[in-house]
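Read-outs: derived from the displayed coordinates by stated rules, not from any lab. All values derive from a computational prediction rather than experimental measurement. In this analysis, Cβ positions are derived from the backbone assuming ideal geometry, glycine residues included, and neighbour counts consider all displayed protein chains.
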Amino acid sequence: MKANQELLKRITVDDRICNGKPVIRGMRITAQTVLEFLMAGTPEDEVLKQYPMLEREDLEACRQFALSLMGNSFSVKDIAA
């Protein structure tokens, strides 16, 4: 669990960077961008080649971040049509 906490520190949110979207280590690379590449089947080595400032741990941090969001509770409310 502690390792996950350390990884999650790599994901930062600052309203002055990328309109407040979660980014990797304060850079202008969003966690969403990385996750989209990985979910599309792009190999990690290719992502790291395209974004040489990233580290392999950043990719895992994005995955852990997504998992942590899924641990939140959500409710769906009906709205008037």
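Each of V13, V23, V47, V34 was scored by other Cβ atoms within 10 Å of its Cβ. Listed from fewest to most, they are V13, V47, V23, V34. Between 0 and 90 degrees, the angle of helix 56-70 with respect to the longest Cα principal axis of the chain falls at about 10 degrees.
Highest average first, the peptides 65-73, 49-57 ordered by how many other beta carbon atoms sit within 10 Å of their residues are 49-57, 65-73. Mean projected area of the convex hull spanned by the Cα atoms of region 1-66, taken over all viewing directions: 4.2 nm².
Relative contact order for region 2-67: 33 percent, from Cα pairs under 8 Å spaced at least 6 residues apart, divided by residue count.
Might you report the magnitude of the Cβ-based charge dipole of the chain about its Cα centre, with Lys and Arg at +1 and Asp and Glu at -1, to the nearest 20 debye? All intermediate terms of the calculation are to be shown ahead of the outcome.
Working: 11 positive and 12 negative charges, 50 e Å.
With only Lys, Arg, Asp and Glu charged at Cβ, the dipole is about 240 debye.
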